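Contents: one structure, followed by commentary.
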Amino acid sequence: MPARSAKETFLRLLSHVREGTEKATKIYDELGQMVQDPQVKEAIDARTFVSHSVLAKIDQCFKIIGEQPVKLGGRLQEVFLEDFRKEVSEIQSPPARRLFILAKLVHLNHLRIGEYEALVAAADASGHFGVGVLLESCLADKLAFAERTRRLIREIAEIRIAERKGVQAA
């Protein structure tokens, strides 16, 4: 379906975010099953929970604008997950594996952040301020997750550095 107007483009973008959020929730579920580290697992489980809330907000956006999501044919997240599975299976070191998983989560999350920033602006430009509020709250969830993940990565790195210093001092 070609987009011939700003409204149709907005509908496609919103549909893309909804589809991506739905797929991301499944990715988080799968990642949560693969992870052994309790901190990382807890973060992924929390992300899964928040993703369900985000889906409800996006569905409310569609309700407000009186539209249904359109079907799209993108495979970005399927390719992401295929590559992730292959790469993570090749990493032997648990700390390296943990960092790799977190780095991939950050990657996926930042794609969504960019989409939400564009959607918030588009909602405001189209006069759908209620939709903008809902989308901005979804963006806030993504930004919070990015910050929390950054802190977890930093903590893991600091622990590894301390371990190395302890081994060198001994």
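When every residue of the range 22-39 is checked against the conditions, at least one turns out to be more than 24 Å from Arg154 (Cα to Cα) and of a type in the set (Ser, Thr, Tyr).
Working carefully through the options Gly114, Gly127, find the one that is outside any helix (DSSP H, G or I) and without any contact (Cβ under 8 Å) to a residue 40 or more places away in the chain. Before you say what the answer is, go through the steps one by one.
Numbers: Gly114 fails: outside any helix (DSSP H, G or I).
Going through Gly114, Gly127 in turn, just one is outside any helix (DSSP H, G or I) and without any contact (Cβ under 8 Å) to a residue 40 or more places away in the chain: Gly127.
Let's see how each residue does on (1) farther than 28 Å from Ala56 by Cβ; (2) of a type outside the set (D, E, K, R); (3) at pLDDT 85 or above:
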| position | (1), (2), (3) |
| --- | --- |
| Ile91 | yes, yes, yes |
| Ala96 | yes, yes, no |
| Leu102 | no, yes, no |
| His107 | no, yes, yes |
| Gly114 | no, yes, yes |
| Ser126 | no, yes, yes |
| Val133 | no, yes, yes |
| Ser137 | no, yes, yes |
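Inspect all residues belonging to the range 68-75 and state whether any of them is touching a helix residue (DSSP H, G or I) at 6+ places or on another chain (Cβ under 8 Å), of a type outside the set (Lys, Arg) and crowded, with 17+ Cβ neighbours inside 10 Å. Checked against the condition, which is being touching a helix residue (DSSP H, G or I) at 6+ places or on another chain (Cβ under 8 Å), of a type outside the set (Lys, Arg) and crowded, with 17+ Cβ neighbours inside 10 Å, the range 68-75 yields at least one hit.
The set of residues in the range 35-50 that are surrounded by 14 or more Cβ atoms within 10 Å (Cβ to Cβ) and farther than 21 Å from Phe100 by Cβ contains only Val50. Considering the range 24-74, the residues that are at pLDDT below 85, of a type in the set (Lys, Arg) and within 23 Å of Leu135 (Cα to Cα) include one that is nearest to the chain's Cα centre (by Cα), namely Arg47.
Within the set Arg12, Arg4, the sole residue that is part of a loop (DSSP other than H, G, I, E, B) and over 15 Å from the mean Cα position of the chain (by Cα) turns out to be Arg4.
Do any residues in the range 4-27 that are surrounded by fewer than 17 Cβ atoms within 10 Å (Cβ to Cβ) have Cβ atoms under 9 Å from those of residues that are of a type in the set (S, T, N, Q) and modelled with pLDDT under 85, where the two are at least six apart or on different chains, and which pairs are they? Every condition considered, the pairs that remain are Lys26/Gln77.
With the requirement that a residue be outside any loop (DSSP other than H, G, I, E, B) and in contact (Cβ under 8 Å) with a residue 60 or more places away in the chain, what does the range 54-74 give you? Quick ask: steps written out before the conclusion?
Of the residues in the range 54-74, the ones outside any loop (DSSP other than H, G, I, E, B) are 54-65.
Of everything in the range 54-74, those that are outside any loop (DSSP other than H, G, I, E, B) and in contact (Cβ under 8 Å) with a residue 60 or more places away in the chain turn out to be Val54, Lys57, Ile58, Gln60, Cys61, Ile64, Ile65.
The values are calculated or read from the model by the stated rules, or taken from the named source; none is laboratory data. Quick caveat: nothing in here was measured; it's all calculated off a predicted structure. Cβ atoms come from the backbone with ideal geometry, glycine included; neighbour counts cover every protein chain shown.
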